[in-house]
Amino acid sequence: MVKNFLVTGGSGFIGSEAIRTLLDRGFNVYNMDKLTYASSQESLENCNSKNYDFYHGDITNPHDVSLVIDLSQPNYILNFAAESHVDRSIDEPDDFINTNIIGTYNLLKYSLKFFEKLKLEEKKNFKFIHISTDEVYGSLDFNDDPSTETSTFRPNSPYSASKASSDMLVRSWYKTYKLPINITHSSNNYGPWQFPEKLIPLTVGNALSCRPIEVYGDGKNIRDWIFVKDNVDAIIEVALKGKIGETYNIGGNNEVSNIDIVNKICSLLDSILPLNNSNYSDLITFVDDRPGHDRRYSLDTAKILKDTAWSPRTPIDAGLEISIKWMLDNKDWLLKKSKNHSRIGLKNK
């Protein structure tokens, strides 16, 4: 029997990758998305399959959530819907609290109502997958061991605090109500269709427009980068094969500093689309660091490697080359989206 996946936030960067992958694998997919500034309907233009349906809805609206669950009759709910930009969460935290916490609560509430009505055999084929972030673990020093699934939560921004809160809600619905769940903590994603407020596409967009490429502080903050397809493959693997009630870290094993990522991008652009009489790295400028900027994220991925058949496949250099070539092929989309996002810094106050 073909299984039904309800994907919330499916018109976003990672959610759209998940939808394309699920459709390629022959599943029925229902996409519920609010279509915020970071959504991209273009990323799903080729999904005219009889196995795909789109619902314009908001997870903070209980009616929308109840309706889409009833319509989709899901075997799996993949919750990608979230506000995810740290700078925005510092400037305007309200949307992060509403979407990431209240929205997740609504999904849990109506998922449980749906689950409790299922027959015993049907209950064995239902699971709620909550997609979260490595940022809930807080900042590591350069010599600290990677975060494990049992590491203490120490969120340092309104964004990561809202995600940590939603994680705890999901866990409690499993512990209290026995709702079958998994939680994934992914490291920094990158790849095609990423909205250019995030470091990699923002850097490419600024470089192509010959605008300053701004880097926070000294640029030595370290992130573990994972190619979006690798992350999505891991999430689907967890949905299908992960142990109920468990949390899984998903990392790319590519710990690189922000300044090194920016220099890699500039070097690739120099080789693919060289400037006259200068290098893209000449555009790099350092700006004041943002409040509470975490120094390093690192994930211990031993658990997912043990419990599933997944492992990351894309080294950072190969993934960057794929991503940059895609952005050059889709330059009009990138520059249109990046028009109002030339800075990584906070709003002037």
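What follows draws every value from the coordinates through simple rules; no lab data is involved. Just so you know, these numbers come straight off a predicted model, no measurement behind them. Please note: Cβ atoms are built from the backbone with ideal geometry, for glycine as well, and neighbour counts cover all protein chains shown.
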Within the range 1-23, what residues put their amide N at less than 19 Å from the label point 7 Å along the Cα-to-Cβ vector of Q73?
1-7
Expressed as a whole percent, how much of the Cα-Cα distance distribution for the range 74-218 exceeds 28 Å?
30 percent
Starting from the Kirkwood radius over alpha-carbon pairs of the range 10-58, derive D by Stokes-Einstein at 37 °C in a medium of 0.692 mPa s and give it in µm² s⁻¹.
308 µm²/s
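Hey, with R₀ at 30 Å, roughly what FRET efficiency would K220 and R25 work out to, going by the Cβ-Cβ distance, to 0.05? Walk me through the intermediate numbers first.
Working: r = 40 Å, r/R0 = 1.33.
Rounded to the nearest 0.05, the efficiency is 0.15.
Among 307-314, 274-281, 295-302, how do they line up from the highest to the lowest mean number of other beta-carbon atoms within 10 Å? Let's see the in-between values first.
Working: 307-314: 16.6, 274-281: 12.1, 295-302: 19.2.
My ranking of the peptides, most packed first, is 295-302, 307-314, 274-281.
Beta carbons within 10 angstrom, averaged per residue: use that to sort the peptides 170-180, 198-208, highest first.
On the way: 170-180: 16.5, 198-208: 23.4.
By packing density, highest mean first, the sequence is 198-208, 170-180.
Kirkwood Rh, the range 260-334, all Cα pairs: how many Å? If you can, show how the numbers build up before the last one.
Numbers: mean 1/r = 0.0636 Å⁻¹.
The Cα-based Kirkwood calculation yields 15.7 Å.
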Can you list the lysines whose alpha carbon sits under 27 Å from that of K325, skipping same-chain ones fewer than 8 residues off?
K198, K220, K229, K264, K336, K337, K339
Rounded to the nearest 500 deg cm²/dmol, what is the calculated helix-only ellipticity per residue at 222 nm for the chain, with -39500 (n - 2.57) per DSSP H run of length n ≥ 4?
-11500 deg cm²/dmol
Would you compute the Debye intensity of the range 139-285 from its alpha-carbon atoms alone, equal scatterers and no solvent, and pass along log10 I(q)/I(0) at q = 0.13 Å⁻¹ to two decimals?
-0.72
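Please label the shape of the chain as rounded, prolate or oblate, based on the square roots a ≥ b ≥ c of the eigenvalues of the alpha-carbon gyration tensor (a/c under 1.5 means rounded; beyond that, a/b larger than b/c means prolate, else oblate). Please report the intermediate quantities before stating the final value.
On the way: a/c = 1.76, a/b = 1.53, b/c = 1.15.
Since a/c reaches 1.5 and a/b is larger than b/c, the shape of the chain is classed as prolate.
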Here the range 1-95 gives, from Cα atoms, an Rg and Dmax in Å of 13.5, 47
Between Y216 and residues 5 or more places away or on another chain, which pairs have amide H atoms under 5 Å apart, with H built 1.01 Å from N, and which residues are they?
V287
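Peptides 130-138, 147-155: what's the order by average Cβ count within 10 Å, highest mean first? Walk me through the intermediate numbers first.
On the way: 130-138: 24.2, 147-155: 16.0.
So the order, starting with the most tightly packed, is 130-138, 147-155.
Among the trypsin sites (Lys or Arg not before Pro) within the range 47-140, which fall in a DSSP loop and have no more than 15 other Cβ atoms within 10 Å of their own Cβ?
Numbers: sites: K50, R88, K109, K113, K117, K119, K123, K124, K127; in loops: K50, K119, K124.
When the trypsin sites (Lys or Arg not before Pro) of the range 47-140 are filtered for loop state and at most 15 Cβ neighbours within 10 Å, K50, K119, K124 remain.
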Across the range 285-299, in residue order, what do the Karplus-derived ³J(HN,Hα) couplings come to in whole Hz, using 6.51 cos²θ - 1.76 cosθ + 1.60 with θ = phi - 60° and x for Gly and Pro?
9, 9, 10, 4, 5, 7, x, x, 6, 5, 6, 7, 10, 7, 10
Calculated FRET efficiency for the pair Q41/D94, C-beta based, R₀ 41 Å, to 0.05
0.95
